[in-house]
Every structure is written in structure tokens, then in C-alpha cells.
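Asker: Just dropping this structure here.
None of the figures in this text is laboratory data; all of them are computed from the coordinates on show. This one's a predicted model, so the numbers in the text were calculated from it and none came from an experiment. Don't worry about glycine lacking a Cβ; one is built from the backbone with ideal geometry, like all the others, and counts go over all protein chains shown.
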Amino acid sequence: MPHPVKTYLNKGETYQFCNCGKSADGVLCDGSHKGTKFIPTEFIATRNSEFLLCLCKKTTCTWQCDGAHAKREQLDLSFLSD
Ligand code: FES
């Protein structure tokens with residue numbers, strides 16, 4: 001399961017979060033979604049800071065990592081203990 005990508009964002013700037021997973025960095029839209037059913041999610045950074053952007057695309061927080069990748073890893077590995 002892909003881990004989040006730490007990215008510095010500038011307060012007040014508008015970004016487009018990649019929802020298709022085809023962008024070069026996997027987190028910010030570069031137009032690679034054209035021809036797919038996906039569209040990016042636009043958001044504005046609320047502060048100058050590093051953010052953990054979701055790469056597994058399972059977050060419930062739109063674009064920020066909420067730890068969903070770790071929960072999925074636990075679920076995916078559970079069959080190994082049998
Ligand atoms: S490149 Fe993935 S949504 Fe635009």
C-alpha cells in the first residue's frame with residue numbers, strides 16, 4: 001500500500017489533488033487523468049507547511065493522509081498469521 005507523500009504547500013495557493021493515480025508524482029494533478037472518469041479535487045492550502053498527501057487514495061479526508069494506508073496494510077497482512 002503506498003505511503004503518503006510529504007509535500008510543502010504555500011498558504012492561499014490553489015492545488016489540484018490527483019484522484020486518478022496517473023500523475024507523475026501521484027498526488028498533484030498534471031493532466032494525466034484526461035480520458036479517464038476521474039477529475040482532480042481542488043483545494044487551497046490553509047498554511048505554509050508540509051502536508052502528508054494521500055497516495056493510497058483511500059483517505060476519507062479528501063487529499064490529506066488519514067492513516068488509511070496503515071489500516072489497509074494491517075488488514076492485508078492478517079492472513080499471514082493463519
Ligand atoms: S492527473 Fe490524476 S486527477 Fe489529474
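Asker: Which one is surrounded by the fewest Cβ atoms within 10 Å (Cβ to Cβ), of the residues in region 39-54 that are within 12 Å of the ligand (Cβ to nearest atom) and not β-branched (Val, Ile, Thr)?
Answerer: Within region 39-54, the first condition is being within 12 Å of the ligand (Cβ to nearest atom), and the residues that meet it are 39-42.
Keeping just the survivors that are not β-branched (Val, Ile, Thr) gives 40, 42.
On the way: Pro40: 18, Glu42: 11.
The selected residue is Glu42.
Asker: Which members of region 1-46 meet the condition of being part of a loop (DSSP other than H, G, I, E, B), charged (D, E, K, R), touching a residue at least 24 places away in the same chain (Cβ under 8 Å) and touching a Ser or Thr at 6+ places or on another chain (Cβ under 9 Å)?
Answerer: Hit for region 1-46 is Lys11, nothing else.
Asker: Collect the residues in region 17-38 that are more than 6 Å from the ligand (Cβ to nearest atom) and touching a strand residue (DSSP E or B) at 6+ places or on another chain (Cβ under 9 Å), keeping them in residue-number order.
Answerer: Across region 17-38, the qualifying residues are Phe17, Asp25, Gly26, Val27, Leu28.
Asker: Quick check on region 55-64: of everything there that is of a type outside the set (D, E, K, R) and crowded, with 16+ Cβ neighbours inside 10 Å, which residue is farthest from Ser23 (Cα to Cα)?
Answerer: Thr59
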